[in-house]
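Student: This structure is in C-alpha cells; I'll ask about it shortly.
The values are calculated or read from the model by the stated rules, or taken from the named source; none is laboratory data. This one's a predicted model, so the numbers in the text were calculated from it and none came from an experiment. Positions of Cβ are generated from backbone atoms using ideal geometry, with glycine treated the same way; all protein chains shown enter the neighbour counts.
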C-alpha cells in the first residue's frame, strides 16, 4: 500500500500559481510510491523543477533531451534488470515531448514492452516556449502558432489519439486521467507502475497561463473538460476498454467560454456553427466511450 | 591467442571482453557486422548483457545514456548518418559525463549517398566532448576499446569515447589479431564503479538546466576533464603495454620521424599505406616520416609540436573537409605549429572511399616538396 501522505515533489519549485502540471506531478509521485526513478524530457516541468543547483525532486530524476525520454527510460530499465534492482521507472513528460517529437522513441519503447510507465501531462500545447500548438492541442484552440485571425478559427486539427496508438502497440495498460480527479489519478498510476510492461497514462493538466484563466480555477476547468465530454477518463487493459467515467454531460460552451484560447468563438459575436463542431467532438467521445449517464 | 578475424568481429570480441551490461545499437553499414556479432554473442550467453534492439540510432545512444546513468557499463556502435542522428545525444552524454564507449566504423556523409570510407562523420563530432581514438589496423581497433573503457571510467575523467576505425577498409577486412585473455582484461579493466547513479536510496537530479550563472563552469569542467584525459590515456596506454605487450602510451606515433625533413600527418588505416610508401622513399634516400595521430580528441598539440619541431615541411592527409575552410586536421596542425619555421600543407584525400595507393602518398610528398598544397588530391578533372 502506497503511503500517499509522503511528498516526493518538493514545494519551492517555480511553476506558475495554479499550474495543473505541478499538481499532477505531485499526485503522480504519490501514486507511484517509493523506489521510483523518474525520467523527464525537456519541457515546462523540467524547467520549473530543476534550475541548477536547486531541485524539487525527492526521487532520483534525470533529464536528457526533448525527444528521448522513453529511450532513456528503456536504458535505465535494462540496467536495473542487469543489476538485479527492482526500482520502478517512470517517465513524466509534456504533450510536446510525447505526442510530437518523442513519438519515435516512445513507439520503440512500447514495441519492446519495457517495464516502464510513461505519463504524459497534457496541457495541450508547448507551454514553456510560449504557448505554441502541439499534436495534443484541441480543435479551434488559438495558440501562438495556430492563432485565430480574420480567416482562421485557430488550430485546424483534433488531438492526436496517442492512447489508442500505444494501446495498438500491445500495451498492457493504457489510461487517461485528469488532475482534477486526484484519487482516480493516483490509483491509475499505482496500477500502471505495478503492471509489468510498458504502460501509458495521459493526464489532462490545465495550464492557466497558456489557456487563459485565473490560477485558482485550474481544478474547475479540468472538471469542465470531463463534464462536457471533451476529455474522457478511461482505462484500457490489453487494448480493451474496461472503464470510462460516466458523466451527466454539460454543453461544451461552458468549458470553452471560460478560456481565452477559445475567446474568438464568442467575440465579437458567438460563432454557433464553430461551437457545434466542437460539440460534435464531445458527442463522438461520449458515444465512443459510452460515458453518458 | 592469435586469430584471423574480420575487423568487425575483432571489435565485437573486444567489447565482449570488456563485459558491458547494456548494449544498444541500430544496424547501419559498415557497422552492421559488429552489432550482429554482439547480438549473437549475447544470444549464445558468451556475454551476460541486455541487448536493446532500438528503433533508431537516436534511441540507441539515448538508451545507453539511461543505462549508464543507472550505473551499468554500456556500449554502442554506429557510423555516418547514424552518428549524425545521434548528434544531439552525443553532446548530452558528454555534458552529463557518462563514460559510454562507442565504435565508429568511419563512413562518408551523404549527400551524395556513400557507404564507403572517409572520416567526415566522426571528425564532424570532434567538438561534442567525446574522446576520439583512431585505429590504424584491426589489432589497434580491438585494443583501443579496452583502453577506452579504462580511461573513460576513471573518476578523474568520466567522459565518453569514440573508437574510430575505417569502414570496410578495416571493418570488413580479415587480419590476424592477438585476442587478449579474459583474465588479463579483467585485471586491466576492473568492474565498473560509477561515480554517481540514479538510485532511489540516494536520490539526485541528473541533467538539470543551468542559467548563465552556471553554464560556463560546466563547460570549463568538461574541457578540464578532456585535457586530463591526455595523461590518463598515456598512463593507461602504458599499463596496457605492461598487461598485454602492446604499448599505447603515446597519443601520437612516429614512423621514421626522428630524422625526417618532410613529415606526413594522418589518422587511421591510411597510416599503413603511408608507412609502406615511406619504406620505398627511404630506400631511395628521401628523408620522409609519418606522424600518426591516434588520439584526435583531446588534441595532442604539445606532443605534435615537439615531434615535428625538426622537420621542414608537413603534409597533412585529411579524409574530411571542413567545407568553406580546409581539412580539419590540417587546420589544427597549422594552429599547433604557428610561429614555427615549418611549411604546412593540407591534402583532402580518399573521400567517399576513393582508393589511396602508395603512389598517391608519393605524389603528395612531391607536391609538398614543391610547395603546392591545401588542395583536393586526386580529383577527376573530366568530371568537374
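Student: Go through (1) on the phi < 0 side of the Ramachandran plot; (2) in a loop (DSSP other than H, G, I, E, B); (3) under 20 Å from the mean Cα position of the chain (by Cα) one by one and return the number of the condition residue B:163 breaks.
Tutor: Going through the list (1) on the phi < 0 side of the Ramachandran plot; (2) in a loop (DSSP other than H, G, I, E, B); (3) under 20 Å from the mean Cα position of the chain (by Cα), residue B:163 breaks only (2).
Student: Within the stretch A:167-174, is even one residue touching a strand residue (DSSP E or B) at 6+ places or on another chain (Cβ under 9 Å) and within 19 Å of residue A:206 (Cα to Cα)?
Tutor: no
Student: Does residue B:94 meet the test of being within 24 Å of residue B:322 (Cα to Cα) and not in a loop (DSSP other than H, G, I, E, B)?
Tutor: yes
Student: Now for a separate question. Out of (1) out of contact with any helix residue (DSSP H, G or I) (no Cβ under 7 Å at 6 or more places or on another chain); (2) surrounded by fewer than 20 Cβ atoms within 10 Å (Cβ to Cβ); (3) within 30 Å of residue B:355 (Cα to Cα), the odd one out for residue B:39 is which?
Tutor: (3)
Student: Can you name the residue in the stretch A:94-111 that is over 18 Å from residue B:89 (Cβ atoms) and within 11 Å of chain B (Cβ to nearest Cβ) and, of all such residues, is surrounded by the fewest Cβ atoms within 10 Å (Cβ to Cβ)?
Tutor: Checked the stretch A:94-111; the qualifying residue surrounded by the fewest Cβ atoms within 10 Å (Cβ to Cβ) is A:111.
Student: Right, next: Look through the stretch B:57-84, keep the residues that are assigned to a helix (DSSP H, G or I) and closer than 11 Å to residue B:20 by Cα, and return whichever of them is nearest to the other protein chains (Cβ to nearest Cβ).
Tutor: B:67
Student: If we scan the stretch B:245-267, do we find a residue that is buried (at least 19 other Cβ atoms within 10 Å of the Cβ), in contact (Cβ under 8 Å) with a residue 24 or more places away in the chain and within 14 Å of another protein chain (Cβ to nearest Cβ)?
Tutor: No; the residues of the stretch B:245-267 include none that is buried (at least 19 other Cβ atoms within 10 Å of the Cβ), in contact (Cβ under 8 Å) with a residue 24 or more places away in the chain and within 14 Å of another protein chain (Cβ to nearest Cβ).
Student: Do the conditions hold for residue B:88, that is, is it surrounded by fewer than 24 Cβ atoms within 10 Å (Cβ to Cβ) and either at the interface with chain A (Cβ under 9 Å from one of its Cβ atoms) or outside any helix (DSSP H, G or I) (or both)?
Tutor: yes
Student: Still on this structure: Which condition from (1) outside any strand (DSSP E or B); (2) in contact with a helix residue (DSSP H, G or I) (Cβ under 9 Å, 6 or more places away or on another chain); (3) under 22 Å from residue A:40 (Cα atoms) is the one that residue B:52 breaks?
Tutor: (1)
Student: Would a scan of the stretch B:18-35 turn up a residue that is within 14 Å of chain A (Cβ to nearest Cβ), modelled with pLDDT of 95 or more and over 18 Å from residue B:93 (Cβ atoms)?
Tutor: There is at least one residue in the stretch B:18-35 that is within 14 Å of chain A (Cβ to nearest Cβ), modelled with pLDDT of 95 or more and over 18 Å from residue B:93 (Cβ atoms).
Student: Scan the stretch A:70-82 for residues that are more than 21 Å from the chain's Cα centre (by Cα) and more than 7 Å from chain B (Cβ to nearest Cβ) and jot them down.
Tutor: A:77, the sole residue that qualifies.
Student: Restricting to the stretch A:47-57, what's the tally of residues that are surrounded by 20 or more Cβ atoms within 10 Å (Cβ to Cβ) and facing chain B (nearest Cβ under 7 Å)?
Tutor: Going through the stretch A:47-57 one residue at a time, the tally reaches 2.
Student: Okay, moving on. Working carefully through the options A:230, A:256, A:265, A:185, find the one that is crowded, with 17+ Cβ neighbours inside 10 Å and free of Cβ contacts under 8 Å to residues at least 40 places away in the same chain.
Tutor: Of A:230, A:256, A:265, A:185, the one residue that is crowded, with 17+ Cβ neighbours inside 10 Å and free of Cβ contacts under 8 Å to residues at least 40 places away in the same chain is A:256.
Student: Mind listing whichever residues of the stretch B:130-151 are assigned to a loop (DSSP other than H, G, I, E, B) and in contact with a strand residue (DSSP E or B) (Cβ under 6 Å, 6 or more places away or on another chain)?
Tutor: Across the stretch B:130-151, the qualifying residues are B:130, B:135.
Student: Next question. Given the structure, is residue A:203 modelled with pLDDT of 95 or more, outside any helix (DSSP H, G or I) and in contact with a helix residue (DSSP H, G or I) (Cβ under 8 Å, 6 or more places away or on another chain)?
Tutor: Answer is yes for this residue.
Student: Could you list, in sequence order, the residues of the stretch A:8-44 that are within 14 Å of another protein chain (Cβ to nearest Cβ), farther than 10 Å from residue A:205 by Cβ and assigned to a helix (DSSP H, G or I)?
Tutor: Of everything in the stretch A:8-44, those that are within 14 Å of another protein chain (Cβ to nearest Cβ), farther than 10 Å from residue A:205 by Cβ and assigned to a helix (DSSP H, G or I) turn out to be A:29, A:32.
Condition check ((1) buried (at least 24 other Cβ atoms within 10 Å of the Cβ); (2) at negative phi; (3) at the interface with chain B (Cβ under 7 Å from one of its Cβ atoms); (4) in contact with a strand residue (DSSP E or B) (Cβ under 6 Å, 6 or more places away or on another chain)) across all residues:
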position	(1), (2), (3), (4)
A:59	no, yes, yes, yes
A:62	yes, yes, yes, yes
A:68	yes, yes, yes, no
A:84	no, no, no, no
A:87	no, yes, yes, yes
A:92	yes, yes, no, yes
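Student: Could we say that residue A:116 is at the interface with another protein chain (Cβ under 7 Å from one of its Cβ atoms) and in contact with a helix residue (DSSP H, G or I) (Cβ under 9 Å, 6 or more places away or on another chain) here?
Tutor: No.
Student: Only one of B:54, B:101 is more than 18 Å from residue B:132 (Cβ to Cβ) and either at the interface with chain A (Cβ under 10 Å from one of its Cβ atoms) or buried (at least 21 other Cβ atoms within 10 Å of the Cβ) (or both); which?
Tutor: B:54
Student: Given the conditions (1) closer than 17 Å to residue A:125 by Cβ; (2) surrounded by 24 or more Cβ atoms within 10 Å (Cβ to Cβ), report the number of the one that residue A:174 does not fulfil.
Tutor: Every condition holds for residue A:174 apart from (1).
Student: Return the residue satisfying two criteria in turn: it lies in the stretch B:321-375 and is in a strand (DSSP E or B) and over 21 Å from the mean Cα position of the chain (by Cα), and of such residues it is surrounded by the most Cβ atoms within 10 Å (Cβ to Cβ).
Tutor: Among residues in the stretch B:321-375 that are in a strand (DSSP E or B) and over 21 Å from the mean Cα position of the chain (by Cα), the one surrounded by the most Cβ atoms within 10 Å (Cβ to Cβ) is B:344.
Student: Let me ask another. Could you tell me which residue of the stretch B:174-220 is nearest to the other protein chains (Cβ to nearest Cβ), considering only residues that are assigned to a helix (DSSP H, G or I) and either touching a strand residue (DSSP E or B) at 6+ places or on another chain (Cβ under 6 Å) or surrounded by 16 or more Cβ atoms within 10 Å (Cβ to Cβ) (or both)?
Tutor: Filtering the stretch B:174-220 for residues that are assigned to a helix (DSSP H, G or I) and either touching a strand residue (DSSP E or B) at 6+ places or on another chain (Cβ under 6 Å) or surrounded by 16 or more Cβ atoms within 10 Å (Cβ to Cβ) (or both), the one nearest to the other protein chains (Cβ to nearest Cβ) comes out as B:185.
Student: Being over 16 Å from the mean Cα position of the chain (by Cα), away from chain A (no Cβ under 14 Å) and outside any helix (DSSP H, G or I) narrows it down to one of B:118, B:127, B:154, so name that one.
Tutor: When all the criteria are applied, what remains is B:154.
Student: Specify which of the listed residues (B:361, B:270, B:304) is farther than 30 Å from residue B:225 by Cβ and touching a residue at least 12 places away in the same chain (Cβ under 8 Å).
Tutor: B:361 is the lone residue from the list that is farther than 30 Å from residue B:225 by Cβ and touching a residue at least 12 places away in the same chain (Cβ under 8 Å).
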